1. Every residue in region 12-36 that is open to solvent by 70 Å² or more (accessible area, probe 1.4 Å), among the hydrophobic types (A, V, I, L, M, F, W, C) and closer than 18 Å to MET1 by Cβ, please.
2. Name the residues in region 40-64 that are basic (Lys, Arg) and assigned to a loop (DSSP other than H, G, I, E, B), would you?
3. May I ask you to list the residues in region 37-52 that are surrounded by 10 or more Cβ atoms within 10 Å (Cβ to Cβ) and of a type outside the set (Val, Ile, Thr)?
4. Consider only pairs whose beta carbons are under 9 Å apart and that are at least six residues apart or on different chains; among these, list those whose first residue lies in region 13-34 and is among the acidic types (Asp, Glu) and whose second residue is surrounded by 12 or more Cβ atoms within 10 Å (Cβ to Cβ).
Amino acid sequence: MALYVRDPVVGDMADALAAATGQSKTDAVRAALRAALDAEAAKLTLAQRVAPLQAEARALGLSA
């Protein structure tokens, strides 16, 4: 499937990333998208972020 970028600023950013990394534009965009997807996947859920605080509150006898 083809990806068409109609925003010239985005195209310039892809060109700049490709030049900075020494990759083709396709490889640079692929790597950037992979990094963004990996970062999203690594984010903790609210429940995961709150769990240590809940455990600490329980240990201090602060839970209901």
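The values are calculated or read from the model by the stated rules, or taken from the named source; none is laboratory data. Treat the numbers as computed from the prediction; the structure is a model and nothing was measured. Virtual Cβ from ideal backbone geometry, glycine too; neighbours counted across all protein chains shown. The area values use the complete protein model at the heavy-atom level, side chains included, leaving out ligands, DNA and RNA. Shrake-Rupley method; radii C 1.70, N 1.55, O 1.52, S 1.80 Å.
1. LEU33
2. LYS43
3. Within region 37-52, the first condition is being surrounded by 10 or more Cβ atoms within 10 Å (Cβ to Cβ), and the residues that meet it are 37, 49-51.
Of everything in region 37-52, those that are surrounded by 10 or more Cβ atoms within 10 Å (Cβ to Cβ) and of a type outside the set (Val, Ile, Thr) turn out to be LEU37, ARG49, ALA51.
4. ASP15/LYS25; ASP15/ALA28; ASP27/ALA18; ASP27/THR21
To keep it simple, each residue is scored yes or no on (1) more than 21 Å from the chain's Cα centre (by Cα); (2) at positive phi.
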{"residue": "PRO8", "(1), (2)": "yes, no"}
{"residue": "ALA14", "(1), (2)": "no, no"}
{"residue": "ASP27", "(1), (2)": "no, no"}
{"residue": "ALA32", "(1), (2)": "no, no"}
{"residue": "ALA36", "(1), (2)": "no, no"}
{"residue": "LEU46", "(1), (2)": "no, no"}
{"residue": "GLY61", "(1), (2)": "yes, yes"}
